[in-house]
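Single-structure report; data block below.
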């Protein structure tokens with residue numbers, strides 16, 4: 001009976017423990033392609049997982065990106081497409097779950113087959129406002145794939161042969177942004193890897209080749225990209241080599257006048273980019289429409305790393321900033337939004353936090369969509385404009401008298417028309433510290449409740465500061481010690497509070513070693529000594545004394561210490577130090593002194609008989625370990641300062657005080 005009770009209790013406890021364990025959601029969410037065929041024409045539908053609404057967010061919805069397998073694509077939820085030639089085509093779908101807490105669905109490609117030729121005049125044609133266009137189907141999310149759509153057009157009145165250069169993975173980031181999974185082309189283009197050519201040339205100077213419009217922040221739809229017409233192709237290619245790690249060279253031939261072609265790149269965002277969430281990064285294309293000329297066009301497309309597919313987001317290019325070069329640098333921010341309502345928005349208000357380190361009076365609007373002029377101050381107008389209000393903690397952007405359709409609005413098929421953004425830049429204030437900042441935006445559509453974006457984070461690269469250090473060491477327990485040193489320090493550049501520091505310096509130390517003096521002993525002079533007065537001395541006294549002087553060259557190493565800046569002028573630190581005696585020489589002296597005898601006591605010293613004998617020895621190298629604590633006064637973060645440090649040595653007699661001057665660069 002007791003055994004049965006024990007088993008019952010064990011099963012009950014196991015059940016309780018299991019019920020309290022939250023299982024990880026490893027279920028794969030799948031969207032299925034459901035084609036409906038009528039001869040060469042298909043209507044593509046999809047069966048998707050139910051959306052898991054994020055609490056407090058706008059209504060969750062799917063956005064769509066279809067590839068038809070013949071070089072055409074669509075962003076409609078149920079596109080209709082006719083294939084011109086008979087054959088087998090592989091249809092792909094990317095369904096993106098917006099405001100949804102679940103995983104992004106995956107879709108297996110679906111093959112469709114046609115047997116006849118057909119008229120394709122009613123097919124959806126993606127408009128191009130330029131002869132080279134970059135788009136993407138969604139924002140890059142770490143460990144998830146997305147598609148970059150590169151469309152190009154021959155706007156000449158003759159058949160053209162040319163090249164396109166496509167670049168990705170910026171050198172600014174330590175880790176690769178993306179892995180290129182697949183490239184799909186449908187017009188016999190030759191696509192070659194050019195990563196081996198992207199070698200950094202530190203002597204390159206772009207000079208006058210800088211972009212006229214590259215400072216503008218961009219988005220994937222028309223009017224949201226940077227395009228620059230250029231004439232010196234060699235300089236443009238060299239600039240791209242300095243900025244990007246990888247790329248592709250695309251060669252095309254026999255392109256008819258007004259012909260439009262598209263190439264698709266499937267990129268997968270690397271897991272490491274989760275550390276760079278809210279970072280703005282870019283891909284670049286260089287379009288050479290005619291190989292016989294150097295005239296070309298450079299186009300950049302900027303993107304933001306996200307953690308979920310939320311169209312309302314804030315991002316910045318200030319993810320990693322060089323603190324030495326920030327005094328006149330502008331940090332760019334971008335807030336994008338989407339109207340997910342069933343009707344249009346007439347007023348959109350963006351209440352954006354601004355960290356104290358930025359000077360709000362330096363606000364510059366880089367670009368905005370809808371594009372409209374800045375509102376006049378203290379004046380009501382009826383036309384569309386962007387109003388800006390600057391207060392102590394925020395900058396408030398208000399789009400007035402505009403029309404942004406809702407994604408759920410009737411007859412709205414182009415989702416990009418429901419989106420907008422404001423991109424702006426700020427300079428730093430007069431006195432700012434090397435600290436990470438966070439800011440976010442409250443987005444208000446008309447009189448609806450605010451939507452709060454993610455945090456946009458700015459941080460500084462650690463940087464390296466080299467310091468020169470010199471001073472004097474005082475050893476209280478050593479006799480007549482003299483010690484001077486010179487060395488260098490390494491630490492992060494101008495750290496705000498806590499930081500590490502390593503040190504290396506050389507120290508010369510001289511001090512008196514042990515000394516002894518013997519008692520007086522009776523001594524017989526042989527031969528007898530005759531002093532200047534003519535007295536003959538045959539019996540006297542002798543005394544022997546010994547002394548030594550130690551001379552050392554020591555290397556001092558602080559592998560790492562922890563320091564803290566109390567303010568701009570006072571800093572403290574503590575850590576270990578390892579001292580290695582590189583060379584140590586001991587000079588010993590024996591001195592014999594002789595004295596006249598006055599009965600049973602020594603009398604006057606007989607100076608001419610005094611003798612000294614010197615000898616030197618070299619000691620073995622020695623390693624000593626000690627701990628220290630110190631304080632500095634002056635310019636604690638960068639520049640000159642004075643300091644005092646106390647060492648507790650693990651060997652007797654070598655405790656010391658250090659008084660030093662240091663200058664950090």
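Please treat every number below as a calculation from the coordinates, not as lab data. Remember, predicted model here, so these are calculated numbers, not experimental data. Note that each Cβ is placed from the backbone with ideal geometry, even for glycine, and that neighbours are counted across all protein chains shown.
Ranking request for peptides 644-651, 417-424: highest mean number of other beta-carbon atoms within 10 Å first, then the rest in descending order.
Values: 644-651: 14.9, 417-424: 21.6.
Final packing ranking: 417-424, 644-651.
What spacing in nm lies between the two simple spin-label points modelled at residue 580 and residue 447, each 7 Å away from Cα in the Cβ direction?
7.7 nm
Please list the three semi-axes, largest first and in whole Å, of the ellipsoid equivalent to segment 259-369, using sqrt of 5 times the eigenvalues of its alpha carbon gyration tensor.
Details: eigenvalues 174, 102, 64 Å².
The equivalent ellipsoid of segment 259-369 has semi-axes of 30, 23, 18 Å.
Return the ratio Rg/(2.2 N^0.38 Å) for segment 148-191, where Rg is computed over Cα atoms only.
On the way: Rg = 14.4 Å, N = 44, 2.2 N^0.38 = 9.3 Å.
Expressed relative to 2.2 N^0.38 Å, the Cα Rg reads 1.56.
What is segment 465-664's relative contact order, in percent, from Cα pairs under 8 angstrom and six or more apart in sequence? If you can, show how the numbers build up before the last one.
Working: 557 pairs, mean separation 43.6, N = 200.
Rounded, it is 22 percent for segment 465-664.
Determine the gain in length on full extension of the stretch residue 374-residue 390; use 0.36 nm per residue of separation and subtract their C-alpha separation, reporting nm with one decimal. Intermediate results must be reported in sequence, preceding the final value.
Values: separation 16, 0.36 × 16 = 5.76 nm, distance 1.39 nm.
Taking 0.36 nm per residue and subtracting the Cα distance, the gain is 4.4 nm.
Mind jotting down the distance between the C-alpha centroids of segment 157-180 and segment 443-516, whole Å?
42 Å
What FRET efficiency comes out for the pair residue 191/residue 28, r = Cβ-Cβ distance, R0 = 45 Å, nearest 0.05?
Working: r = 31 Å, r/R0 = 0.69.
After rounding to 0.05, the efficiency reads 0.90.
Under 12 Å from the 7 Å Cα→Cβ point of residue 566, by amide nitrogen: which residues of segment 619-661?
Within reach of a label on residue 566, which here means backbone N under 12 Å from a point 7 Å along Cα→Cβ, segment 619-661 contributes 630-634.
Over all directions, the average projected area of the alpha-carbon convex hull for segment 313-458 comes to how many nm²?
Details: hull surface 37.1 nm².
Computed as one quarter of the Cα hull surface, the answer is 9.3 nm².
Rounded to the nearest 0.05, what FRET efficiency do residue 347 and residue 295 have when you use their Cβ-Cβ distance and R0 = 45 Å? Walk me through the numbers on the way to the answer.
Details: r = 44 Å, r/R0 = 0.98.
Computed FRET efficiency for residue 347 and residue 295 comes out at 0.55.
Report the equivalent ellipsoid semi-axes for segment 475-599 in whole Å, largest first, defined as the square roots of five times the eigenvalues of the gyration tensor built from alpha carbon atoms. Working shown, then result.
Numbers: eigenvalues 653, 36, 23 Å².
In descending order, the three semi-axes are 57, 13, 11 Å.
Figure the gain on full extension for residue 625 and residue 126 (residue separation times 0.36 nm, minus the Cα-Cα span) and round it to one decimal in nm.
Value of the extension gain: 172.4 nm.
With just the Cα atoms defining each centre, how far is segment 55-91 from segment 292-329? Give it in Å.
28 Å
In a solvent-free Debye calculation with one equal scatterer on each Cα, what is log10 I(q)/I(0) for segment 348-413 at q = 0.12, 0.25 Å⁻¹, listed in the order of the q values?
Debye output, listed in q order: -0.39, -1.15.
Report the Cα centroid-to-centroid distance between segment 570-646 and segment 352-371 in angstrom, as an integer.
So the separation of the two Cα centres works out to 63 Å.
If one computes P(r) from the Cα atoms of segment 368-522, what percent of pairs lie at distances over 20 Å? Present the calculation step by step, with values, prior to reporting the outcome.
Numbers: 8761 of 11935 pairs.
Of all Cα-Cα pairs in segment 368-522, 73 percent lie more than 20 Å apart.
When only Cα pairs under 8 Å and 6 or more residues apart are kept, what is the percent relative contact order across the chain?
Numbers: 1633 pairs, mean separation 58.1, N = 665.
Once divided by the residue count of the chain, the mean separation gives 9 percent.
What is the helix-to-structure angle for 2-19, meaning the angle in degrees between its Cα long axis and the longest Cα principal axis of the chain, kept from 0 to 90 and rounded to the nearest 10?
So the helix axis and the longest Cα principal axis differ by about 70 degrees.
With Kirkwood's inverse mean 1/r over C-alpha pairs for Rh, give me the Rg to Rh ratio of segment 31-125, two decimals please.
On the way: Rg = 15.0 Å, Rh = 14.3 Å.
Looking at segment 31-125, the ratio lands at 1.05.
Provide, for q = 0.06, 0.08, 0.10 Å⁻¹, the log10 of I(q)/I(0) from a solvent-free Debye sum over equal Cα point scatterers in the chain.
-0.56, -0.80, -1.06
How much length would be gained if the chain were fully extended between residue 464 and residue 601, taking 0.36 nm per residue of separation minus their Cα-Cα distance, in nm to one decimal?
On the way: separation 137, 0.36 × 137 = 49.32 nm, distance 7.14 nm.
Net length gain for the segment: 42.2 nm.
How far is helix 233-243 tilted, in degrees, relative to the longest principal axis of the Cα atoms in the chain, given as a value from 0 to 90 rounded to the nearest 10?
60 degrees
So how far apart, in nm, are the two label points at residue 359 and residue 234 if each is 7 Å from Cα heading toward Cβ?
Those two pseudo-labels are separated by 4.1 nm.
Can you give me the orientation-averaged projected area of the convex hull built on the Cα atoms of segment 605-665, in nm²?
Numbers: hull surface 36.0 nm².
Its Cα hull, projected and averaged over all orientations, spans 9.0 nm².
Run the paramagnetic zone check for residue 38: 7 angstrom along Cα to Cβ, then residues of segment 67-85 with backbone nitrogen under 13 Å.
80-82
Between residue 242 and residue 436, how many nm apart are label points set 7 Å from Cα along the C-beta direction?
3.1 nm
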